[in-house]
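Quick note: the coordinates plus some simple rules give every number you see, no bench work behind them. What you see is a predicted model, and the numbers here were worked out from it, not measured in a lab. Cβ coordinates were reconstructed from backbone atoms using ideal geometry, including for glycine residues, and neighbour counts include every protein chain displayed.
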Protein chains: 2
Amino acid sequence: MPVYNARIIVTLRSSILDPEGTAIEHALHELTYTSCTNVRVGKYITMNVEAESEENAREILDQACRKLLANQVMEDYSYTLEETEREPA
Amino acid sequence: MPVYNARIIVTLRSSILDPEGTAIEHALHELTYTSCTNVRVGKYITMNVEAESEENAREILDQACRKLLANQVMEDYSYTLEETEREPA
């Protein structure tokens, strides 16, 4: 079966406060990087998905994101998929 | 001055163990998604950078990543930059 490399990004919705981003922004400003603003922090998750087709891999990923990786009340997710060479058995 | 939207990805180097990724992989397998393997977790940081030029914005971002956002002993970073419309004064 083909193996797909997935790169998933999970971000807080823009209406949700991001204290981690605010903390990073304050730290950047103290390091004199005052030109950096509107800092927001999300998660970047990579994984391999073995699936019969790209459509099948997308179904698995959507379910995984909805059930585990993203809290859809507060977060949005997006991902890209790329077929990789299957590792030799 | 132009404003650039930066999307920064900070990932653990492949030689570094990723317990968070392992925990997510176990949870996915318990949810029956056993086709998901090699899960790794990183950070995704977005920010606006006000700079005279794209080159200048890249200098600021490289310094911010090296000094604050990424621990270069264990992590790699990459980013993309995109010029945004300047907000009206």
| message | Let me spell it out: the conditions are (1) more than 7 Å from every other protein chain (Cβ to nearest Cβ); (2) among the aliphatic types (A, V, I, L, M); (3) part of a helix (DSSP H, G or I), and B:Ile16 meets all of them except one. Which number is the exception? | response | (3)
| If only one of B:Thr84, B:Thr46, B:Thr11 is out of contact with any Cys (no Cβ under 9 Å at 6 or more places or on another chain) and surrounded by fewer than 16 Cβ atoms within 10 Å (Cβ to Cβ), which one is it? | B:Thr84
| remark: Within segment A:19-58, residues hydrophobic (A, V, I, L, M, F, W, C) and assigned to a loop (DSSP other than H, G, I, E, B) come out as A:Leu31, A:Ala51
| field | Residues of segment A:1-13 classified as of a type in the set (A, V, I, L, M, F, W, C) and assigned to a loop (DSSP other than H, G, I, E, B), total | value | 1
| message | Report every pair of residues separated by at least 6 positions or lying on different chains whose Cβ atoms are under 6 Å apart, first residue within segment B:59-79 and part of a loop (DSSP other than H, G, I, E, B), second surrounded by fewer than 16 Cβ atoms within 10 Å (Cβ to Cβ) and among the aliphatic types (A, V, I, L, M). | response | B:Met74/B:Ile16
| query | Counting just the residues of segment A:24-75 that are more than 7 Å from chain B (Cβ to nearest Cβ) and of a type in the set (Gly, Ala, Ser), which one comes out nearest to the chain's Cα centre (by Cα)? | reply | A:Ala70
| said: Looking only at residues that are more than 30 Å from A:Tyr4 (Cα to Cα) and either among the polar types (S, T, N, Q) or within 19 Å of the chain's Cα centre (by Cα) (or both) in segment B:76-89, which one is farthest from the other protein chains (Cβ to nearest Cβ)? | reply: B:Glu83
